[in-house]
Amino acid sequence: MSRAAATPQVPGTATQLLALLRMELVALSRNKTATAMAVVTPLAIGFILAGDYEGGAGPGVERMASVLCLVVVLGVHHHLVTVYASRRQELVLKRLRAGVPSDTTILVGAATATLAIFVAQAVILIGYGVVVLGLPVPENPAVVLAGLILGAAVMAAFSAALSAVTRSSEAAMLTSLPTSALFLATPGALVPLGALPGGVEDVARFLPLGPFAEVIREGWLGEGAVELIASLGILAAWLVLAWLLARAVFRWEPRPS
């Protein structure tokens, strides 16, 4: 037998991520509380809030962007803090780290199911806005999709970083409360545009959900090409910053109770 033939075949990164995706979906399906919090609750809140606007495509799309900001915080940021803390405390991440996947693959893989669910929720809510609420079909769906993925990835990276100070899955509600409040206080998220003093709003709009909401609005309505590129660039910069922070502070060993 040749040496090459005796060498075991190492699964590629895509195969590893698919395996981790299946693992996370199985774990989510077995935890009814987590399923309700990550899947049902954000979508139900989205449906309730999506119809609460008055007249016109502009206000309607602006409302939908705010709804998607809330869903990405509840369904991605808060939920993934719980996931990372839980998998760490249960030694799941430590066992995975002893195997084939790299650290990056493990961290991304743990978030894949949540990110896929969020994108599906966003598509459903956008479809609801078009079919039921009479909003226009998005002019640039690829741009909207890119914004959804980038924004969710930023929230996931911050969740990985925040899990370092989260002792357990039960503590995630408390540790994610300040960051969730900060993200949602961004102009264009839950705070209406123009509600804050000029100087404060100019700075606050650079928080992650500022460009996220901007990409959704502009991609949906097909407006502001220059602003759209700038918003995508700011989101990408936040992703790099959040990922570097996560890699620097993430804890693989269980925290003491």
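Only one of Ala195, Ala242, Ala160, Ala189 is surrounded by 19 or more Cβ atoms within 10 Å (Cβ to Cβ), outside any helix (DSSP H, G or I) and of a type outside the set (S, T, N, Q). Can you tell me which?
Exactly one of Ala195, Ala242, Ala160, Ala189 is surrounded by 19 or more Cβ atoms within 10 Å (Cβ to Cβ), outside any helix (DSSP H, G or I) and of a type outside the set (S, T, N, Q), namely Ala189.
Take the residues in the range 204-234 that are assigned to a helix (DSSP H, G or I) and among the aromatic types (Phe, Trp, Tyr), then tell me which one is nearest to Leu70 (Cα to Cα).
Residues of the range 204-234 assigned to a helix (DSSP H, G or I): 204, 209-221, 225-234.
Next, from what is left, pick out any that are among the aromatic types (Phe, Trp, Tyr): 212, 220.
Numbers: Phe212: 11, Trp220: 18 Å.
If we take residues in the range 204-234 being assigned to a helix (DSSP H, G or I) and among the aromatic types (Phe, Trp, Tyr), then Phe212 is nearest to Leu70 (Cα to Cα).
Spot the failing condition for Leu135; the list is (1) in a loop (DSSP other than H, G, I, E, B); (2) surrounded by fewer than 21 Cβ atoms within 10 Å (Cβ to Cβ), and only one is missed.
Exception for Leu135: condition (2).
Would it be correct to say that Pro208 is out of contact with any Asp or Glu (no Cβ under 9 Å at 6 or more places or on another chain) and crowded, with 19+ Cβ neighbours inside 10 Å?
Values: out of contact with any Asp or Glu (no Cβ under 9 Å at 6 or more places or on another chain): yes; crowded, with 19+ Cβ neighbours inside 10 Å: yes.
Yes: the conditions hold for Pro208.
Output the qualifying pairs, or none if there are none: Cβ atoms under 7 angstrom, residues six or more apart or on different chains, first residue in the range 104-129 and within 22 Å of Gly12 (Cβ to Cβ) and touching a residue at least 60 places away in the same chain (Cβ under 8 Å), second residue crowded, with 18+ Cβ neighbours inside 10 Å and acidic (Asp, Glu).
Final answer for the pair search is Ala110/Glu24; Thr112/Glu24; Ala113/Glu24.
Of the conditions (1) in a helix (DSSP H, G or I); (2) more than 23 Å from Phe212 (Cα to Cα); (3) not hydrophobic (A, V, I, L, M, F, W, C), His77 fails just one. Which one is it?
The one condition His77 does not meet is (2).
Are any residues in the range 213-252 closer than 21 Å to Ala156 by Cβ and among the charged types (D, E, K, R), and if so, which ones?
Scanning the range 213-252 gives Glu214, Arg247, Arg251.
In the range 163-185, what residues are crowded, with 24+ Cβ neighbours inside 10 Å and of a type in the set (S, T, N, Q)?
Once the filter is applied, which keeps residues that are crowded, with 24+ Cβ neighbours inside 10 Å and of a type in the set (S, T, N, Q), the range 163-185 yields Ser163, Thr166, Ser176.
Can we say Arg87 is under 19 Å from the mean Cα position of the chain (by Cα), surrounded by fewer than 24 Cβ atoms within 10 Å (Cβ to Cβ) and under 19 Å from Val144 (Cα atoms)?
Values: under 19 Å from the mean Cα position of the chain (by Cα): yes; surrounded by fewer than 24 Cβ atoms within 10 Å (Cβ to Cβ): yes; under 19 Å from Val144 (Cα atoms): no.
Considered against the rule, which asks whether it is under 19 Å from the mean Cα position of the chain (by Cα), surrounded by fewer than 24 Cβ atoms within 10 Å (Cβ to Cβ) and under 19 Å from Val144 (Cα atoms), Arg87 comes out as no.
Every read-out reported here was derived from the displayed coordinates using simple, explicitly stated rules and does not represent laboratory data. On a predicted model such as this, the values are computed, not experimentally measured, just so you know. A quick note on method: Cβ atoms are made from the backbone with ideal geometry, for glycine too, and the neighbour counts reach across all protein chains shown.
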